[in-house]
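Engineer: Before I ask anything, let me first share the structure, which is written out below as structure tokens.
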Amino acid sequence: MKEQSSLESSEIFQLLYAIPDPEVPVITIGELGVLRSVDWVNGQLNITITPTYSGCPAMFAIEAEIKTILKENNITDFKLKTVHFPAWTTDWLSDDAKKKLSEYGIAPPQHSSQIKHLRPDEVSLQCPFCNSDKTHLTSWFGSTACKALYFCDNCRQPFEHFKCHH
């Protein structure tokens with residue numbers, strides 16, 4: 001193991017970047033945009049994370065995994081800070097994460113959070129299973145607050161959609 005002072009913040013960032021999201025394990029907290037920054041300040045490591053939603057229960061698991069990885073790498077002097085401003089946005093999802101979501105069966109956000117749909121029931125999404133755009137909203141909330149539930153009229157499969165928001 002490296003000593004605390006020999007790890008660069010960029011190396012630590014990469015270690016933490018690879019932590020799987022507890023709710024959607026095919027993407028990482030880095031790809032999701034939850035991991036915001038990792039910086040050494042006066043010998044203390046400062047890590048900043050942002051939840052996808054205020055009160056997101058996955059944050060407890062993410063914080064625990066960050067602490068475990070830091071301790072495994074002999075980093076004991078650190079401050080883990082959760083910030084809510086700026087608020088997380090689907091714009092922070094990497095293109096790779098969006099592709100992984102689709103392959104996992106979750107329709108990724110299609111647009112920038114700057115494009116707001118006041119009536120989500122009018123938004124047609126591409127089904128992640130058959131690629132049909134003949135889909136409809138069945139519930140604004142899926143298994144988690146950050147996802148909505150849709151149904152494909154073509155292949156008759158239900159699927160979740162990672163909601164576009166800011």
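The values are calculated or read from the model by the stated rules, or taken from the named source; none is laboratory data. These numbers were taken from a predicted model, which means no experiment stands behind them. Glycine also receives a Cβ, built like all others from the backbone with ideal geometry; neighbour counts cover every protein chain displayed.
Engineer: Within the stretch 42-60, how many residues turn out to be outside any loop (DSSP other than H, G, I, E, B) and farther than 13 Å from L80 by Cβ?
Structural biologist: Total satisfying the criteria: 1.
Engineer: If I12 passes every condition in (1) free of Cβ contacts under 8 Å to residues at least 60 places away in the same chain; (2) more than 30 Å from A148 (Cα to Cα); (3) β-branched (V, I, T) but one, which one does it miss?
Structural biologist: Here I12 meets the rest and fails (1).
Engineer: Of everything in the stretch 77-88 that's of a type outside the set (D, E, K, R) and within 18 Å of the chain's Cα centre (by Cα), which residue is surrounded by the most Cβ atoms within 10 Å (Cβ to Cβ)?
Structural biologist: W88
Engineer: Considering only residues that are surrounded by fewer than 17 Cβ atoms within 10 Å (Cβ to Cβ) and modelled with pLDDT under 90, look in the stretch 97-112 and name the one that is nearest to Q157 (Cα to Cα).
Structural biologist: Residue satisfying both the conditions and the ranking: Q110.
Engineer: Next up: Quick check, is N74 in contact (Cβ under 8 Å) with a residue 60 or more places away in the chain, surrounded by 13 or more Cβ atoms within 10 Å (Cβ to Cβ) and in contact with a Lys or Arg (Cβ under 9 Å, 6 or more places away or on another chain)?
Structural biologist: For N74, the condition - in contact (Cβ under 8 Å) with a residue 60 or more places away in the chain, surrounded by 13 or more Cβ atoms within 10 Å (Cβ to Cβ) and in contact with a Lys or Arg (Cβ under 9 Å, 6 or more places away or on another chain) - is met.
Engineer: May I pose another question? So E23 clears everything in (1) under 30 Å from N131 (Cα atoms); (2) in a strand (DSSP E or B) except one condition, right? Which one?
Structural biologist: Tallying (1) under 30 Å from N131 (Cα atoms); (2) in a strand (DSSP E or B), E23 fails exactly one: (2).
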